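The values are calculated or read from the model by the stated rules, or taken from the named source; none is laboratory data. Predicted, not measured: the structure shown is a model, and the values here were computed from it. Here the Cβ is made from the backbone with ideal geometry for all residues, glycine too, and neighbour counts use every protein chain on show. The accessibility values were calculated without ligands, DNA or RNA, using every heavy atom of the protein model including side chains. Shrake-Rupley method; radii C 1.70, N 1.55, O 1.52, S 1.80 Å.
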Amino acid sequence: MADEIHKTRAPDGTTHTTTIIDREPRRGGGLGMGLILLVVLAVAGFFAFQFLANDSAETGAITEAAQKVGDAAQNVGDAAQDAVK
């Protein structure tokens, strides 16, 4: 990092000073990468919750079907008991 100061004097005696400041380039990539990562995580979370909701609905449907099969078997057993009497 080198600063340069140039002074020039005009023939009428006035001076003009030019200062050149050499700085490192700014790196704003961290903020952009952070935002991209946040968006990717949000999208991944959305799809994960959708998958879990579908899995829960499927489990609920299977449980309900199994309960209905169990109830039907109970009804058949009750009918068989009534027929024997």
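Quick notes
- Residue in the range 3-12 that is loosely packed, with under 10 Cβ neighbours inside 10 Å, without any contact (Cβ under 8 Å) to a residue 40 or more places away in the chain and assigned to a helix (DSSP H, G or I) present: no
- Residues that are among the basic types (Lys, Arg) and either over 30 Å from Glu4 (Cα atoms) or in contact (Cβ under 8 Å) with a residue 40 or more places away in the chain (or both) within the range 17-70 comprise just one, Lys68.
- Within this structure, Asp55 passes the test of being surrounded by 10 or more Cβ atoms within 10 Å (Cβ to Cβ) and among the charged types (D, E, K, R).
- Here Thr17 meets the list (1) open to solvent by less than 90 Å² (accessible area, probe 1.4 Å); (2) assigned to a helix (DSSP H, G or I) almost entirely, failing just condition (2).
- Condition check for Glu24: surrounded by fewer than 10 Cβ atoms within 10 Å (Cβ to Cβ), within 34 Å of the chain's Cα centre (by Cα) and of a type in the set (Asp, Glu): yes
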